[in-house]
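Asks: I'd like to ask some things about the structure below.
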Amino acid sequence: MLKHNFSAGPCVLPQEVFKQAAAAVLDFNDLSILEISHRSKEFIGVMEKARALALEHLGLTDKGYVALYLSGGASMQFLMTAYNLLEHKAAYLETGTWSVKAIKEAQIFGKVEVVASSQSDNFNHIPKNYTVGDDVDYFHFQTNNTIYGTQLQHTPQVNVPLVCDMSSDILSRQRDFEKYDLIYAGAQKNMGPAGTTLVVVKEEILGKLTRKIPSMLDYKVHISKDSMFNTPPVFPIYVTMLTLEWLKANGGIAWIEKINQQKATLIYQEIDRNPLFKGFVTQPEDRSMMNATFSLHDVSLTDRFNNLVKEAGINGLNGHRSVGGYRASMYNALTLESVQVLVDVMKELERTV
């Protein structure tokens with residue numbers, strides 16, 4: 001049976017990418033992609049293309065930005081961003097579990113001002129009408145929150161460097177990426193398998209701190225070594241390169257954003273229409289295109305709905321343990337047809353109650 005993968009990550013990837021990656025495991029220039037040297041010209045070519053494609057998709061080629069592929073996930077970037085940029089004080093927007101963790105790491109290095117938070121409402125909306133002072137080293141926020149299903153729709157207008165965690169909606173929609181000074185994103189949502197993290201940084205914001213930064217955590221060191229200061233995660237970077245090629249071949253972010261909007265419209269219209277379901281996010285304008293969170297009004301229907309979901313070949317729909325309910329993660333490679341299958345299941349439950 002065809003599986004419809006709504007997992008929050010690691011997530012669904014394009015079938016073409018699976019086939020290319022599988023072939024490369026067996027034969028990549030007479031060796032397996034799993035055993036080639038990261039210093040070989042073949043892999044250096046992969047790394048260069050993956051870095052170039054990331055900048056190309058974001059519209060940042062030849063604009064003073066560098067793309068890196070690092071290890072440690074977005075969690076490592078909670079630490080690295082502050083280590084490299086926080087001298088006196090930084091401003092953070094608190095919109096979910098991951099921003100809470102980012103704040104905790106930043107507080108090791110300096111003062112952190114939480115300019116707004118939705119924690120008291122269990123992060124069911126994006127805070128608005130906050131102010132970021134000009135006296136901070138940078139402003140850090142997340143564009144999308146996988147656990148709660150909220151998404152920042154507009155780029156904040158501030159007079160300080162913008163540092164952004166785009167782990168769960170990178171490359172899914174158009175943004176004015178030139179307004180951002182540092183972007184990071186775990187690959188395992190829209191770009192590839194778990195194991196590597198994309199970091200895109202404007203070089204001019206680096207090297208301004210008085211503290212000594214350990215080499216492994218210094219962006220300037222990684223830039224000087226062309227993102228290969230240590231042995232990089234070869235296979236995740238290769239699959240990421242393939243996914244970026246797939247996105248480019250089909251029309252880039254402009255193409256996929258239209259499909260993502262169709263998927264989001266389809267699922268949210270059903271959540272709003274169907275009397276058996278309710279959405280988690282309280283303000284419709286804050287709803288995520290990537291992660292639709294919802295639950296049943298009547299929990300006694302849980303087993304019946306779960307059985308219908310299983311029979312339809314739907315995978316990964318359970319909500320995060322801290323929220324419960326359901327979460328439909330609709331990353332770039334998830335098809336509109338898969339979302340339609342889920343909507344049909346929701347309608348079937350209504351029909352049989």
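Asks: Only one residue in TYR238, TYR184 is under 17 Å from ALA52 (Cβ atoms), hydroxyl-bearing (Ser, Thr, Tyr) and either out of contact with any Cys (no Cβ under 7 Å at 6 or more places or on another chain) or modelled with pLDDT of 95 or more (or both), so which one is that? Don't jump to the end; show me each part of the working.
Replies: Values: TYR184 fails: under 17 Å from ALA52 (Cβ atoms).
Being under 17 Å from ALA52 (Cβ atoms), hydroxyl-bearing (Ser, Thr, Tyr) and either out of contact with any Cys (no Cβ under 7 Å at 6 or more places or on another chain) or modelled with pLDDT of 95 or more (or both) holds for just one of TYR238, TYR184, which is TYR238.
Asks: Just wondering, is there one or more residues in segment 179-198 that are more than 23 Å from TRP255 (Cα to Cα), among the small types (Gly, Ala, Ser) and open to solvent by less than 20 Å² (accessible area, probe 1.4 Å)? Please lay out each step first, then the result.
Replies: Filtering segment 179-198 down to residues more than 23 Å from TRP255 (Cα to Cα) leaves 181-182, 194-197.
Those still in the list that are among the small types (Gly, Ala, Ser) too: 194-195.
Remaining after also requiring open to solvent by less than 20 Å² (accessible area, probe 1.4 Å): none.
No, that holds for no residue.
Asks: For a quick check of your reading of the model, give me the residue pairs whose first member lies in segment 253-277 and is under 16 Å from TYR326 (Cα atoms), whose second is modelled with pLDDT of 95 or more and among the aromatic types (Phe, Trp, Tyr), with beta-carbon atoms closer than 8 Å and at least 6 apart or on different chains.
Replies: GLU270/PHE277; ILE271/PHE277; ILE271/PHE294; PHE277/PHE294
Asks: Quick test of your reading of the structure: ALA194 fulfils all but one of (1) part of a loop (DSSP other than H, G, I, E, B); (2) within 14 Å of ALA54 (Cα to Cα); (3) within 18 Å of the chain's Cα centre (by Cα). Name the failing condition by number.
Replies: (2)
Asks: Residue check, SER7 against (1) in a loop (DSSP other than H, G, I, E, B); (2) among the hydroxyl-bearing types (Ser, Thr, Tyr); (3) surrounded by fewer than 16 Cβ atoms within 10 Å (Cβ to Cβ), all met but one. Which one?
Replies: Among (1) in a loop (DSSP other than H, G, I, E, B); (2) among the hydroxyl-bearing types (Ser, Thr, Tyr); (3) surrounded by fewer than 16 Cβ atoms within 10 Å (Cβ to Cβ), SER7 violates only (3).
Asks: If only one of ALA22, ALA90, ALA74 is open to solvent by less than 10 Å² (accessible area, probe 1.4 Å) and among the hydrophobic types (A, V, I, L, M, F, W, C), which one is it?
Replies: Details: ALA22 fails: open to solvent by less than 10 Å² (accessible area, probe 1.4 Å); ALA74 fails: open to solvent by less than 10 Å² (accessible area, probe 1.4 Å).
After applying the criteria, what remains is ALA90.
Asks: Going through segment 269-299 one residue at a time, which ones are in contact with a strand residue (DSSP E or B) (Cβ under 8 Å, 6 or more places away or on another chain), open to solvent by 70 Å² or more (accessible area, probe 1.4 Å) and under 22 Å from TYR331 (Cα atoms)? Give the steps one after another, and end with the answer.
Replies: Step one: of segment 269-299, the residues in contact with a strand residue (DSSP E or B) (Cβ under 8 Å, 6 or more places away or on another chain) are 270-272, 276-281, 286-297.
Still in the list and also open to solvent by 70 Å² or more (accessible area, probe 1.4 Å): 272, 278, 297.
Those that are in contact with a strand residue (DSSP E or B) (Cβ under 8 Å, 6 or more places away or on another chain), open to solvent by 70 Å² or more (accessible area, probe 1.4 Å) and under 22 Å from TYR331 (Cα atoms): ASP272, LYS278.
Asks: Just for segment 49-64: of the residues that are free of Cβ contacts under 8 Å to residues at least 60 places away in the same chain and over 14 Å from LEU247 (Cβ atoms), which one is most open to solvent (accessible area, probe 1.4 Å)?
Replies: Step one: list which residues in segment 49-64 are free of Cβ contacts under 8 Å to residues at least 60 places away in the same chain, which gives 52, 61-62.
Within this subset, residues satisfying the condition of being over 14 Å from LEU247 (Cβ atoms) are 61-62.
Details: THR61: 67, ASP62: 150 Å².
Per the criteria, the residue is ASP62.
Asks: Restricting attention to segment 230-252, which residues are over 26 Å from HIS38 (Cα atoms) and in contact (Cβ under 8 Å) with a residue 24 or more places away in the chain?
Replies: GLY252
Asks: Still on this structure, I have one more. Assuming TRP98 fulfils every condition listed in (1) under 19 Å from the mean Cα position of the chain (by Cα); (2) open to solvent by less than 30 Å² (accessible area, probe 1.4 Å) apart from one, which condition is it?
Replies: All conditions pass for TRP98, except number (2).
Asks: Something else now. I want to confirm something. Restricting to segment 300-332 and keeping residues that are among the small types (Gly, Ala, Ser) and crowded, with 21+ Cβ neighbours inside 10 Å, which single residue is farthest from ALA8 (Cα to Cα)? Give the derivation first.
Replies: So the first thing to find is which residues in segment 300-332 are among the small types (Gly, Ala, Ser), and the list is 300, 312-313, 316, 319, 322, 324-325, 328-329.
Narrowing further to those that are crowded, with 21+ Cβ neighbours inside 10 Å: 328-329.
Working: ALA328: 8, SER329: 5 Å.
Here the residue is ALA328.
Asks: May I pose another question? Are any residues in segment 62-119 among the hydroxyl-bearing types (Ser, Thr, Tyr), within 21 Å of VAL200 (Cβ to Cβ) and in a helix (DSSP H, G or I), and if so, which ones?
Replies: Of everything in segment 62-119, those that are among the hydroxyl-bearing types (Ser, Thr, Tyr), within 21 Å of VAL200 (Cβ to Cβ) and in a helix (DSSP H, G or I) turn out to be SER75, THR81, TYR83, SER99.
Asks: Also, quick follow-up: Considering every residue within segment 215-229, establish whether at least one is free of Cβ contacts under 8 Å to residues at least 60 places away in the same chain, open to solvent by less than 60 Å² (accessible area, probe 1.4 Å) and part of a loop (DSSP other than H, G, I, E, B).
Replies: Taking every residue of segment 215-229 in turn, none turns out to be free of Cβ contacts under 8 Å to residues at least 60 places away in the same chain, open to solvent by less than 60 Å² (accessible area, probe 1.4 Å) and part of a loop (DSSP other than H, G, I, E, B).
Asks: Among the residues of segment 111-132, write down those that are open to solvent by less than 40 Å² (accessible area, probe 1.4 Å) and either out of contact with any His (no Cβ under 6 Å at 6 or more places or on another chain) or touching a residue at least 60 places away in the same chain (Cβ under 8 Å) (or both).
Replies: First, the residues of segment 111-132 that are open to solvent by less than 40 Å² (accessible area, probe 1.4 Å): 112, 115-116, 118, 123-127, 132.
Within segment 111-132, VAL112, VAL115, ALA116, PHE123, ASN124, HIS125, ILE126, PRO127, VAL132 qualify.
Asks: Can you find a residue in segment 133-155 that is part of a loop (DSSP other than H, G, I, E, B), surrounded by fewer than 20 Cβ atoms within 10 Å (Cβ to Cβ) and touching a Phe, Trp or Tyr at 6+ places or on another chain (Cβ under 8 Å)? Step through it out loud before you land on a result.
Replies: Here is the first cut: in segment 133-155, the ones part of a loop (DSSP other than H, G, I, E, B) are 133-138, 143, 146-149, 152-155.
So of that shortlist, the ones also surrounded by fewer than 20 Cβ atoms within 10 Å (Cβ to Cβ) come out as 133-135, 153-155.
Pick out the ones that are also touching a Phe, Trp or Tyr at 6+ places or on another chain (Cβ under 8 Å) and you get 155.
Yes.
The values are calculated or read from the model by the stated rules, or taken from the named source; none is laboratory data. Worth saying up front: this structure is predicted, and the values here are computed from it rather than measured. Glycine also receives a Cβ, built like all others from the backbone with ideal geometry; neighbour counts cover every protein chain displayed. Quick note on the areas: whole protein, heavy atoms, side chains included, nothing else; ligands and nucleic acids left out. Shrake-Rupley method; radii C 1.70, N 1.55, O 1.52, S 1.80 Å.
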